[in-house]
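The next block holds one structure in the form of structure tokens; read it before the comments.
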Amino acid sequence: MVALKGKAINAFLAKPDPAVAAVLIYGPDLGLVRERGGALAKSVVADFSDPFNYLELTDADLKGDPARLADEAGALSFMGGTRAIRVRTTGEAAAKAVAALIDGLDAGALKPNALIIIEAGDLSPRSGVRKAFEKAKHAAALPCYADGPGDVRALAGAMAQEQGLSFETDALDLAVSLLGDDRGLTRAELEKLMLFKGPSKTRRPDDSARISEDDVRTVLVDAIGDVLDDAAAATADGAPAALSLVLHRAAMSGASPIGLLRALQRAFSRLHTAQSFVAAGEPPAAAIKKLRPPVFFKEQRAFEARLRAWPLKRLDTALEMLISAELDAKSTGAPAREIVERTALRLAHMGRR
């Protein structure tokens with residue numbers, strides 16, 4: 001099954017094809033990757049705390065046992081029903097496990113009793129994982145590219161409508177100009193705006209259901225985005241002392257630890273994409289120009305310096321650390337801010353030049 005694009009992705013998410021047993025969701029927008037992975041998992045399992053029908057795996061789980069993914073896909077649920085298996089991977093680390101899974105599905109040797117969802121970062125066309133899915137008979141690949149202004153506008157309108165709200169034209173234009181290209185961050189900021197206006201069930205009859213430009217300025221015009229970008233830059237620059245100061249600013253400004261994590265994931269995914277172009281023979285300057293959205297011209301020199309400090313193998317490790325940090329922050333009960341900040345500081349020490 002070829003990679004789905006455009007409206008076909010939304011149609012598939014709304015009504016997954018029952019003939020598709022495995023789905024690869026990948027791209028530079030890790031927030032959107034996670035959102036779509038969660039939506040697909042919810043289509044078969046209502047409760048993610050259900051230990052019999054819901055399972056999450058990482059590269060570490062599959063590294064020493066590549067056959068485990070296929071084994072889990074064919075295992076029957078103790079309580080009955082279809083299981084959901086989500087794999088968080090940096091990419092090629094799961095290649096052997098994915099190959100065994102796809103080979104078993106296409107040969108008819110594996111009868112799946114689960115929907116397998118592989119969530120990865122930006123994969124090049126040469127990626128073994130991506131190739132396996134795009135050629136498979138019973139699998140689909142869903143690319144997740146950075147949101148453009150039209151995507152942000154549509155998401156903002158839909159979220160407002162869900163709460164019985166609507167944007168004034170100028171307010172929506174301002175919101176779109178302020179929000180970035182990461183779906184997770186965008187949704188979190190819009191949720192704050194909706195909460196500020198008040199959910200439909202809590203608003204008084206005389207409260208306005210229109211989101212004004214003043215509302216957007218009150219909630220969204222702040223320094224949080226800049227602080228998160230500064231934190232990601234200090235981490236990639238290998239500057240732990242500067243990062244410590246920025247992390248304090250981020251906490252004081254109210255930036256969420258998951259927002260910080262998303263900024264780090266976005267920064268290192270872009271470095272990984274550019275480094276992949278370099279590995280394929282592109283000069284660093286040309287590799288940087290191929291990134292979308294483009295690197296701001298004043299930041300290109302700093303970005304090129306980061307490329308020299310972060311070879312592909314080190315970037316693979318960094319992305320795996322960020323995925324592990326997200327899992328720990330959301331599942332262990334430990335303080336999320338400490339988990340994310342510790343990971344950022346470890347990465348900054350890794351990148352010291």
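The values are calculated or read from the model by the stated rules, or taken from the named source; none is laboratory data. As the structure is a prediction and not an experimental result, all values here were calculated from the model. In this analysis, Cβ positions are derived from the backbone assuming ideal geometry, glycine residues included, and neighbour counts consider all displayed protein chains. Note: areas computed on protein heavy atoms with side chains; ligands, DNA, RNA excluded. Shrake-Rupley method; radii C 1.70, N 1.55, O 1.52, S 1.80 Å.
Observations
- Candidates Thr235, Thr186, filtered to the one that is part of a helix (DSSP H, G or I) and modelled with pLDDT under 90: Thr186
- Of the residues making up the stretch 115-159, those that are hydroxyl-bearing (Ser, Thr, Tyr) and at pLDDT 85 or above number 1.
- Condition check for Leu243: out of contact with any strand residue (DSSP E or B) (no Cβ under 6 Å at 6 or more places or on another chain) and open to solvent by less than 30 Å² (accessible area, probe 1.4 Å): yes
- When residues in the stretch 1-40 are screened for being part of a helix (DSSP H, G or I) and either free of Cβ contacts under 8 Å to residues at least 60 places away in the same chain or surrounded by fewer than 20 Cβ atoms within 10 Å (Cβ to Cβ) (or both), 11 of them pass.
- When the stretch 41-59 is filtered for residues that are of a type in the set (S, T, N, Q) and either open to solvent by less than 30 Å² (accessible area, probe 1.4 Å) or in contact (Cβ under 8 Å) with a residue 24 or more places away in the chain (or both), the ones remaining, listed by number, are Ser43, Asn53, Thr58.
- Among the residues of the stretch 43-60, the one identified as farther than 30 Å from Pro293 by Cβ and assigned to a helix (DSSP H, G or I) is Ala60.
- Test for Arg249: is it at pLDDT below 85, part of a helix (DSSP H, G or I), closer than 24 Å to Gly31 by Cα and not aliphatic (A, V, I, L, M): yes
- From the options Ala287, Ala344, Ala334, Ala348, residue that is at pLDDT below 90, in a helix (DSSP H, G or I) and among the small types (Gly, Ala, Ser): Ala287
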